[in-house]
Amino acid sequence: MENESYFVKLLEIVRRLRAPDGCPWDKAQTHESIKQYLIEEAFEVIEAVEDGLDENLCEELGDLLLHIVFHAQMAAERGAFDIDDVTKGIVEKLISRHPHVFADGDAKTSAQVLVEWERIKLEEKRKKNANPSLLDGLPMSMPALLVAQRMQEKAARIGFDWPDGESVWEKVREEFSELEEAMQSGDGEKIQDEFGDFLFALTNMARFLDLSSEMALRGTIGKFKRRFSHIEKRVREEDLDNPTLEALDIFWDEAKEIERSSE
């Protein structure tokens, strides 16, 4: 296999698994049945990036690649498209959306590149739909914070944006005030609506701070998990059946101090 492309080998293996005499489980799968695993693999890639371990990232990228090849193979079996069509499509897209590299386009900064990317993307959509939206194509199955921030980014690229961070911060305060009013009213539907507005405004603030609201929350979730694990460990060590809140707070502070000392 030294002189053979591992990518070609992967295609052969997937075809073999899907063959009439292949694997019963692989043969039974459809685009619909394995879509959940594709999402899981994408998030495992994200975790590998966050871990900073190249070995893990390499492995998880391979798992994600398998899903791409598997979906392409299922499509090829019904005559829809194959992996060559997939790669041809992305090659053509990359070339057409980078005229500043492959043609005579002019984009000197990352911001200009993004604006040009959206302009070209919109032109492509107009060939299929006379009235496309910049927000078309955003998968609503993504985490809500990520969808919110991507929507805000796209809107900002055509000038629909706050003038500065202070304006966004004022909007955050306004939305929090409206949430407080809704909470005082006791109207559950109104509370949920205002809470959503507050989260949306906070997400906009993250964008102005050049942060990812999704990654920021994931970081806090990871921090909470580490500290709570310490609490559980200390509860076991002290053999506490019904620990008081005061004791749990002490263990929480211990976890915070441990993190600070290791920085």
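Applying the selection to the stretch 189-216, what residues are surrounded by fewer than 17 Cβ atoms within 10 Å (Cβ to Cβ), modelled with pLDDT under 95 and either in contact with a strand residue (DSSP E or B) (Cβ under 8 Å, 6 or more places away or on another chain) or assigned to a helix (DSSP H, G or I) (or both)?
Residues satisfying the conditions are M215, A216.
Just need a number here: residues in the stretch 34-62 that are closer than 21 Å to L10 by Cα and either small (G, A, S) or outside the structural domain of I13 (by TED's automatic domain parsing) (or both).
2
Which of the residues belonging to the stretch 154-195 are more than 14 Å from F208 (Cα to Cα) and charged (D, E, K, R)?
Within the stretch 154-195, R173, E174, E175, E178, E180, E181, D187, E189, K190, D193, E194 meet the criteria.
The rows are residues; the columns are (1) in contact with a strand residue (DSSP E or B) (Cβ under 9 Å, 6 or more places away or on another chain); (2) within 30 Å of G222 (Cα to Cα); (3) among the β-branched types (V, I, T); (4) surrounded by 12 or more Cβ atoms within 10 Å (Cβ to Cβ).
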{"residue": "G22", "(1), (2), (3), (4)": "no, no, no, yes"}
{"residue": "N56", "(1), (2), (3), (4)": "no, yes, no, yes"}
{"residue": "D82", "(1), (2), (3), (4)": "no, no, no, yes"}
{"residue": "D85", "(1), (2), (3), (4)": "no, no, no, yes"}
{"residue": "I95", "(1), (2), (3), (4)": "no, no, yes, yes"}
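Looking only at the stretch 81-116, which residues are out of contact with any Gly (no Cβ under 8 Å at 6 or more places or on another chain), outside any helix (DSSP H, G or I) and not hydroxyl-bearing (S, T, Y)?
Selection gives F81, D82, R97, A103, D104, G105, D106, A107, K108.
Which condition breaks for G137 when tested against (1) closer than 26 Å to F43 by Cα; (2) touching a helix residue (DSSP H, G or I) at 6+ places or on another chain (Cβ under 7 Å); (3) of a type in the set (G, A, S)?
Here G137 meets the rest and fails (2).
Residue by residue, here is whether (1) under 30 Å from V45 (Cβ atoms); (2) in the same structural domain as D253 (by TED's automatic domain parsing); (3) touching a residue at least 40 places away in the same chain (Cβ under 8 Å) holds:
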residue: M151; (1), (2), (3): yes, no, no
residue: E194; (1), (2), (3): no, no, no
residue: L202; (1), (2), (3): yes, no, no
residue: R218; (1), (2), (3): yes, yes, yes
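Assess whether A182 counts as being modelled with pLDDT under 95 and surrounded by 12 or more Cβ atoms within 10 Å (Cβ to Cβ).
Here the answer is no, as A182 does not meet what is asked.
Restricting to the stretch 117-159, name every residue that is outside any helix (DSSP H, G or I), within 28 Å of R218 (Cα to Cα) and modelled with pLDDT of 85 or more.
Answer for the stretch 117-159, where residues must be outside any helix (DSSP H, G or I), within 28 Å of R218 (Cα to Cα) and modelled with pLDDT of 85 or more: just P143.
What pairs come out if I take residues in the stretch 9-31 that are in the same structural domain as L66 (by TED's automatic domain parsing) and pair them with residues that are outside any helix (DSSP H, G or I) and at pLDDT 95 or above whose C-beta lies under 6 Å away, six or more apart or interchain?
R16/G22; L17/C23
When the residues of the stretch 32-45 are filtered to those that are hydrophobic (A, V, I, L, M, F, W, C) and modelled with pLDDT under 90, which remaining residue is surrounded by the most Cβ atoms within 10 Å (Cβ to Cβ)?
Result: I39.
Answer yes or no as to whether F102 is closer than 22 Å to Q36 by Cβ and of a type in the set (F, W, Y).
no
Exactly one condition in (1) of a type in the set (D, E, K, R); (2) within 21 Å of the chain's Cα centre (by Cα); (3) closer than 30 Å to L199 by Cβ is not met by D54; state its number.
Of (1) of a type in the set (D, E, K, R); (2) within 21 Å of the chain's Cα centre (by Cα); (3) closer than 30 Å to L199 by Cβ, only one is false for D54: (3).
The values are calculated or read from the model by the stated rules, or taken from the named source; none is laboratory data. These figures come from a predicted structure and were not determined experimentally. So basically every Cβ, Gly included, is an ideal-geometry build from the backbone, and we count neighbours across all protein chains shown.
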